[in-house]
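A.B. asks: The following block contains the structure, expressed as structure tokens.
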Amino acid sequence: MRRVLISDSPETVGALASWLNERLGVNEKQCSVLALALLERKELKIKRGALDRVLKSLHGAERIDEMREALVSGGLIVQLGRDEFGPYRIRLDAAGIDADAVLAALRAEQADGDAAEDAVPSSEQDAPAAEGARVAEEEAACRDSGGDAPASNKNDGRVRERRERRRRSVRKGAERREAEPLAKRAPRGAVASERAPKAAAPREERRSRGLAVVKRGLNAVISLRKRAAAVSTTKDAAKTETPRKPAGQPSVPDDVARVQAWLDAHAGEQVSYASRRQRAYQIFDDEKALEGKRGDRLMRQLTSKGINPNALRIASCQMSPLQGFYGLGADQPFIVVENIDTYEEIVTLLKGRKSVRLFGRRIGGVIFGAGHNACVAHALDDYLNDIGYGFSYVYYAGDIDREGARLVERAREVNVMEIRLHVGMYRAMFAANRAHVQQLGNERESAANNQESPRDFARLVKDLPLSLRIPFKRALSDNIRIPQEVLTGEDFRRASHGAVDRMLNS
């Protein structure tokens, strides 16, 4: 079946083009082309692929989704079915167009066209001549619209389809008239002859208007194609063009050659260490030459050429993500804590002392892990190595919940230093939480539901006795949270006293 225009009325096309211009922000010609594409259908539906091809011809592939969403949000097209690649229903009412009136006019036009075709003379010699004249007129209009091969090929198929359909209609009408009796044939021919002039004039007028609209749309498409081809040619020429070095400009030595020249100039010397930017300024006269992509590329090139980057004698000035407190001459293991309040309480105990008793274990310093800072790769190893830490392990204490347990696992995975759970701290936290719940009669605090559970619980609590492993496991299973803040400053002070001090205080 040939494709027809739902409406070729200038008012309908203009109203739809004006609505598209307000929503899409494209020029008037492009809006006319899109309006014709939406109206040139057998029914008020359009496939996803057909719509994307039209939008791509208007503004390239980069705005297809944006323009389609604008049509959907404006209510002009509505997706049918659950599949996102399904067809769309065209709702002309969204553009202020009475769809019922448009479809009624289309049916009336088709009825008038059929009546006019029935009124064609029965002689088959006159029909081909009239048909040939109409075909010649349509082909001339297509050639005047631009003359490009793609548009001509497309219109030739439509012309041949229309020509064949009209010939079949003429033959059927002639056969019916030959089969009818002569008495019935004469009045019918008279009625048809009276009706033919009335239908022929509006039909020719509508055809001329439709051809004019199609001509404007084809010209707009041809102009867009030529413009896109010109832009593509310009881009290809810019890519293939090789930049030329201005005459007389001295060649700049590459970074590897500069490094090699600096190493040769200081061969046999004990060059002192310098920061990365200081060394970059000495070699390249640019303090940022050893940073970013340029610095990374240079280090890879040096390694590939067999030059050790350590020969540049660059000192590490990176600030550690951890902070700690310890007294001079500290001779006891350190403890890593998760929260700032606990860190400050232990710092208060350590001020002016080499070590302090903390819930049954002596410690010589405290490190603030700040939650995830202790989980940075080798952050704990680097910090303890820089201060000359003399033990092979540190203690750790954090919140009793799934996230706190997972932090211990991550810290163990990314550091070489052995991390042991501080038994006294966890025992004191469980005891303080039980007293708190009994005193207030409240339920235990629940942790967030999105916390990640530890992967290996048995390995996690290997430092704790059985009396603490069971409540620890229950807390994680029930998603209970016991924060370190359950211990107050008074708890820390009492826990730092020895047995004789506790007897005197009692």
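The values are calculated or read from the model by the stated rules, or taken from the named source; none is laboratory data. Owing to the predicted nature of the structure, the values given are computational and were not obtained by experimental measurement. Methodologically, a virtual Cβ is constructed for each residue, glycine included, from the backbone with ideal geometry; neighbour enumeration extends over all protein chains shown.
A.B. asks: Are there any pairs, at least 6 apart or on different chains, whose C-beta atoms fall under 9 Å, with the first in the stretch 321-336 and under 14 Å from residue 374 (Cα atoms) and the second assigned to a loop (DSSP other than H, G, I, E, B) and β-branched (Val, Ile, Thr), and if so, which?
C.D. replies: So the pair list comes out as 321/376; 322/376; 324/387.
A.B. asks: Can you find even one residue in the stretch 330-342 that is surrounded by fewer than 19 Cβ atoms within 10 Å (Cβ to Cβ), in a strand (DSSP E or B), modelled with pLDDT of 90 or more and assigned by TED's automatic domain parsing to the domain that holds residue 494?
C.D. replies: No, the stretch 330-342 contains no residue that is surrounded by fewer than 19 Cβ atoms within 10 Å (Cβ to Cβ), in a strand (DSSP E or B), modelled with pLDDT of 90 or more and assigned by TED's automatic domain parsing to the domain that holds residue 494.
A.B. asks: Only helices (runs of 4 or more DSSP H) wholly contained in the stretch 9-107 count here; list those with 2 or more residues that are over 32 Å from the mean Cα position of the chain (by Cα) and not assigned by TED's automatic domain parsing to the domain that holds residue 209.
C.D. replies: Because the criterion is at least 2 residues that are over 32 Å from the mean Cα position of the chain (by Cα) and not assigned by TED's automatic domain parsing to the domain that holds residue 209, the helices (runs of 4 or more DSSP H) in the stretch 9-107 that meet it are 10-24, 28-39.
A.B. asks: While we're looking at this one, here's another question. How many of the residues making up the stretch 426-448 are more than 19 Å from residue 337 (Cβ to Cβ) and either in contact with a strand residue (DSSP E or B) (Cβ under 6 Å, 6 or more places away or on another chain) or at pLDDT 65 or above (or both)?
C.D. replies: 11
A.B. asks: Can you report the number of residues in the stretch 280-312 which are free of Cβ contacts under 8 Å to residues at least 24 places away in the same chain, touching a helix residue (DSSP H, G or I) at 6+ places or on another chain (Cβ under 9 Å) and not in a helix (DSSP H, G or I)?
C.D. replies: 5
A.B. asks: Within the stretch 368-399, restricting attention to residues that are outside any loop (DSSP other than H, G, I, E, B) and among the charged types (D, E, K, R), which residue is nearest to residue 414 (Cα to Cα)?
C.D. replies: We begin by selecting, within the stretch 368-399, every residue outside any loop (DSSP other than H, G, I, E, B); these are 368, 371-375, 379-386, 393-397.
Applying the additional criterion that residues be among the charged types (D, E, K, R) yields 381-382, 386.
Details: 381: 9, 382: 12, 386: 17 Å.
Once the filter is applied, the top-ranked residue is 381.
A.B. asks: Does residue 369 satisfy the condition of being surrounded by 15 or more Cβ atoms within 10 Å (Cβ to Cβ), at pLDDT below 90 and not hydroxyl-bearing (Ser, Thr, Tyr)? Explain how you work it out, then say what you get.
C.D. replies: On the way: surrounded by 15 or more Cβ atoms within 10 Å (Cβ to Cβ): yes; at pLDDT below 90: yes; not hydroxyl-bearing (Ser, Thr, Tyr): yes.
When the stated conditions are applied, residue 369 passes them.
A.B. asks: Please go through the stretch 284-301 and give me each residue that is of a type in the set (D, E, K, R) and under 33 Å from the mean Cα position of the chain (by Cα), ordered by number.
C.D. replies: The initial filter retains those residues of the stretch 284-301 that are of a type in the set (D, E, K, R), namely 285-288, 291, 293-294, 296-297, 300.
Within the stretch 284-301, 288, 291, 293, 294, 296, 297, 300 meet the criteria.
A.B. asks: Continuing with the same structure: Among all residue pairs at least 6 apart or on different chains, which show Cβ distances below 7 Å where the first residue, located in the stretch 209-232, is at negative phi and buried (at least 16 other Cβ atoms within 10 Å of the Cβ) and the second is aromatic (Phe, Trp, Tyr) and part of a helix (DSSP H, G or I)?
C.D. replies: none
A.B. asks: Another question, then. Select from the stretch 459-481 the residues that are outside any loop (DSSP other than H, G, I, E, B), touching a strand residue (DSSP E or B) at 6+ places or on another chain (Cβ under 7 Å) and at pLDDT 90 or above and list them in ascending order.
C.D. replies: Narrowing the stretch 459-481 to residues outside any loop (DSSP other than H, G, I, E, B): 459-460, 466-477, 480.
Remaining after also requiring touching a strand residue (DSSP E or B) at 6+ places or on another chain (Cβ under 7 Å): 472, 475, 480.
472, the sole residue that qualifies.
A.B. asks: Which residues, taken from the stretch 412-425, are of a type in the set (A, V, I, L, M, F, W, C), assigned to a helix (DSSP H, G or I) and modelled with pLDDT under 90?
C.D. replies: As a first pass, look at the stretch 412-425 and keep what is of a type in the set (A, V, I, L, M, F, W, C): 414, 416-417, 419, 421, 423, 425.
Narrowing further to those that are assigned to a helix (DSSP H, G or I): 414, 423, 425.
Passing the criteria: only 414.
A.B. asks: Any residue in the stretch 405-430 that's within 14 Å of residue 374 (Cα to Cα): show its pairings with residues that are surrounded by fewer than 19 Cβ atoms within 10 Å (Cβ to Cβ) and of a type in the set (A, V, I, L, M) at Cβ separation under 6 Å, as long as the two are six or more apart or on different chains.
C.D. replies: From residues that are within 14 Å of residue 374 (Cα to Cα), the pairs are 411/419; 412/419; 414/377.
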